[in-house]
Amino acid sequence: MRFIVRLLVAVLVGATVVAAEPTPSAGAKNSNGKTGNSNGISVGEPKPFDNRTLTIMLESLSATLQGIQTQSIDQKTLAAAMATFQGSRSSDVTSALSVGTLPIPSRKIETIESSGNATSSGTLLPDASKTTTTSDRSGLTLTPPALDAAPAFSGFTPTFGSSVGDLLNDQVNLSYQIFNLRMILERSLSDRLTGSDPRAQTVLGFNVTLDPPATAVDSVAVVEVTLHAEEKSLSLVALMPQEKTYNSATFSTKSNAFGGTAVVNMIPVGASTRRRSQTFYLYRDNDTTAWERTSEVDDHDIVFGWTFRPVLGRRSVPPGFRQMFAVVALPLADQCTGDELKNKKCPSQKLTARVQTYWKKYDNSTLTSFDKDQVNRARKFGYAVTFGLTKPEIFKDRYRTDRTYKDVIVNTTAAYEHNLGPQVDSVEWTLVGPKNAMISISGKNFFTGTDVVMGDKIYHASDGLLLKSNNSAQLITSLDAIASGPAVMSGRYGSAISIATKEPSAPGVFVNEARIGPSRAGVRTLTLFLQSRQKDENGKTLLLKTGQLPQTSSGDQITPLVTVNGNTIPPPYFIFDGTSVDDAVGRVVLRTSISDSMLTGSFSTIRVTWPFLSGVWTSTLRKTEPNANYGITRVGDKSFLLEAKDEFAGFVKGTNDLAPLKPDECWQLLLGDKPFKLNTSRCTGDTTQSTGVTGHAIIVTPTSAIPDRVALLDPRGATFVLDVPKLPTGDASPKQIVVTQFDSVLVDLTVDDPSKIVAVEANQQPLRFAPKSAKKEETKIRVQLTRDLTSKPGSLDITTLDDSGKTTTTRITISPCQTCK
C-alpha cells in the first residue's frame, strides 16, 4: 500500500513539472537562425570542394578494384576443390540397462563372552573378566552401470571444403560486387550529361560536431539536408561516408543442470540432466549510415543525410568532429568560353541548403530507431500509464534544430581552374656556382603538385623544386637547363603557363654578327654584335644601347646566357656599346671566352638568350669554324689556290674586328722558316710567290717546295694552320677538273657503272646527269654545272650516289675569272 502511494505522488509531481516546463513552438528561432535550442548536433555551412580531386581518387580506386577483379577467379583453387568432400556423417550408439531391488541394509553383530566369578543372575563379581567380539557388514547400494568412453573414429580422414560449383559461384559473385562498385564509381550518364553538354558536379562538405546531452541515451543523431536549385532538378551522385562500421564479436555461453532422486514402492528412482549451449559470431556494428529519401515538398529537391549510432555496446553516440561529403549533379552545363573567363562571367549555380538535426530513440537489440511519430502502440500505452514519465525527452521540440543556407554558389570547372591556376608575376635567377643557378619565382596558386618543365626534364618536389608557399617557389638547376629554352609551370589547376617575367620596353635583339678569335692556349675570344629588332617607318634598324637591354625591377641589368653548340658559357660577360673602332656603331657588343672543345666540326651554333623572357630576346646564329673559313686547293705541281670562305672578311679585313686593313697591314703565309706577305688589293706583298685574284682568292707559287702544312697569319693576331692537299700519283689517278668562274658547262666524271648512278648533287643541290655515251663499257657520266655553282672561285665537291647506297666525291677547281664583272 505504501508503494502505491509513493508511486502516485511521484507521478503527480512529475506531471506538474512537465506541465510547468515551457515548450518552444516549432517555428521559433533563436539569434543564430536555428529553431529551438542547441541539441548537441552542430552542422556548419556547406562548402563546395574540388570535384576533380575526388574524380582522380575514384579513378585510382577503380583501377585498384580492377586489379583485384583479375584475381577473383582462381583456377588453382577451383581445381583443388574437385577432390574435397562436402559432408560426412558418423553414428555411435552406446546403451546400458540396470534393474535392482531395494538395497540390503547394513548389519552389525556383537558377541560378548564373560569369564570369572559371577552370581547366578549374571552379575559379575570383582574377580570376573569380559570379552566382546564385533563384526560389521556394510549396506549394498545398486548404481546404474557407467558408460565407457567412446573410441575415436579411425580409418577415414577426408578433406572437407566447398564444392567446385559453390566456390565458383562465390568467386563470380565477388566479381559482380566489384563490377557494381566500379559502375558506382564511374557515375551514371545522367549525372555526367545534361542534354549533349557535360553536366556540372560539385562536392559539398558538411562539418558535423556531436556532443550528446545526458538525455540522449540509447539514441541516434540524425543530420538531414534538403537541397533546392530554383525549380530545377538536382541529382544525388554519392554520399561519403556511405557507412562506417566496426567489426564486433559476440560470445555467449548458457548451461542448465537438474538432478533428483525418489523412492517409489520401495524401489529407488533417480534422474539427472544437463544442457549446455555456446554461441560465437562476428557482425558489423554501424557507427554511421547514409541515406536518401524523396522530398515531400518539391519533387526537384533532394533530401539526404546521415545517422550516427552508438557502437561497441555503448549507450550514447561517441562525441567528436566528423567531415561528411555529398556529390551532387547540378542542372548546369560545365562549360565556359574564353571570353566569359576573361570577363569573369562564367555561369554558376545557386543552391539553397536546409539542414535539420534531431534525435531518434535506438533499440540496440533490434538495431532499429524511431521518432515520436513512429512509436508503436505498446510504447504509447507505457507512456500513458506512466503519465509521460517514460517518454524520451529527446522527442521534445527543443532537441530539433533547423537552419537554411541560401547562397551556396557553385561555379563551373573552367572558372575554378582559371582562378586557381598558377600565375607568375616575376622571375629572378642568381648564380650559385660555376654551372648552377637558383631561380626564384613569385606569383600565386603554387599548390602542392606544381611542377616545372625546363629543357628535357620535369622538376618535382624531389628534384630540387621547393614550394615555399602558395606565392613563392624556388628551384636550383644548371645553366644549361636555363639556357635550353622557355620554362613552363604546370600547376595543380588550370593549364600550364610560361615562366616569364615582365617584358622590357625594347622589342628584343638578334645576333647580327659573331667573331671567333684564334686559339691561344686552348681558349678563343667570342665576340657577338647585338642589333635591335625595332625599325623605323622607313624600315631602317634603330640603334641599340645597353640601357635598352632587360633590367630587373631595381634597375640592375639582367645577365643573358650564351651557348655554343649546346654548351653554356658561364657568366660574367663583357657587355658594352659598340664604337667606330670595332665597326659596331649602333650595336651592343658582348664578349666572352670559349674553349676549343666547344667548337666541333666546320660549323658552330651560337645562341644568346635572356632567360624567362619572350622569344624576341633569343637569337641564334650559325657560324663557320675559323679554320673552315680558309682552304687550299692544289692546282698544279708548284702552285695552289688559297681561298677565304668568309664573305664578310676575306683578305681585306682582320678576323678579330672585321675593320678594313691599312696598307701596311698584310696577310702573311708561313711555308718554311720565314713568312712572306700575300699580295692583295689592300696590300702590296710578295708578287713573285703570290698573286691576288680577288679579295677572297690568292694563287700561291712558292719558290721552294710546297710543304704538307702551312700557317696563315692574320695581320691583327689570328693564326690559321692549313693542310695542303697532295697531287694524285700514278696513271690511275683522275685528272684534275678545272672550270672557270661563272661557267655553265658539262663535265665528265669517272664512275664504276653509269647505269647504277641514281643521284648527283653539289652544295646540297641536285644536278642533271647522263651517261657520256650508250656504250656498255662506258665508265663516265656527264654532269651539268650551272653558274650558281661556279659563281665563287675555289673548289666544288660533286657527290654521286648509286643504287647500293655507295657515294663517291669528286672535287672540281673553279679558277677565278680575271675579266668577269
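Read-outs throughout are calculated quantities, based only on the coordinates presented, and are distinct from any laboratory measurement. Treat the numbers as computed from the prediction; the structure is a model and nothing was measured. So basically every Cβ, Gly included, is an ideal-geometry build from the backbone, and we count neighbours across all protein chains shown.
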Original post:
When S469, S190, S369 are ordered from fewest to most other Cβ atoms inside 10 Å of their Cβ, what list results?
Top reply: S469, S190, S369
Original post:
For N538 and N763, what does the FRET efficiency come to when R0 = 25 Å and r is the distance between their Cβ atoms, rounded to the nearest 0.05?
Top reply: 0.10
Original post:
What net charge is computed for the residues neighbouring A487, neighbours being all others with C-beta under 14 Å from the C-beta of A487, Lys and Arg scored +1, Asp and Glu -1?
Top reply: -4
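For a test of the definition: using alpha carbon positions, the gyration tensor, and the 1.5 limit on a/c, classify the stretch 488-558 as rounded, prolate or oblate. Present the calculation step by step, with values, prior to reporting the outcome.
Values: a/c = 2.24, a/b = 1.36, b/c = 1.64.
The shape class here is oblate.
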Original post:
Between the stretch 425-491 and the stretch 317-340, what's the alpha-carbon centroid distance in Å?
Top reply: 33
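If each residue of separation counts as 0.36 nm, what is the full-extension length gain between D211 and T352 once their alpha-carbon separation is subtracted?
48.1 nm
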Original post:
What shape does the stretch 421-498 take by its C-alpha gyration tensor, where a ≥ b ≥ c are the square roots of the eigenvalues and a/c under 1.5 counts as rounded, a/b above b/c as prolate, and the rest as oblate?
Top reply: prolate
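Rounded, prolate or oblate: pick one for the stretch 296-373, where a ≥ b ≥ c are the square roots of the eigenvalues of its C-alpha gyration tensor, a/c under 1.5 means rounded, and failing that, prolate if a/b is larger than b/c, else oblate.
Values: a/c = 4.19, a/b = 2.55, b/c = 1.65.
Note, shape of the stretch 296-373 comes out prolate.
Give me the net charge for the shell around A473: Cβ to Cβ below 11 angstrom, other residues only, Lys and Arg +1, Asp and Glu -1.
Details: positive: K444, K468; negative: D451.
Summing Lys and Arg as +1 and Asp and Glu as -1 gives +1.
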Original post:
Which FRET efficiency value, to the nearest 0.05, do you get for D218 and T64 by plugging their Cβ-Cβ distance into 1/(1 + (r/R0)^6) with R0 = 45 Å?
Top reply: 0.70
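As a quick test, which of the pairs K345/K444; K502/K545; K623/K780; K638/K792; K350/K502; K623/K662 have an alpha carbon distance above 28 angstrom in this structure? Let's see the in-between values first.
Working: K345/K444 22 Å; K502/K545 20 Å; K623/K780 37 Å; K638/K792 23 Å; K350/K502 38 Å; K623/K662 26 Å.
Beyond 28 Å: K623/K780; K350/K502.
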Original post:
Sequence-distant or interchain residues sharing an amide H contact under 5 Å with I737, placed H: which?
Top reply: T813
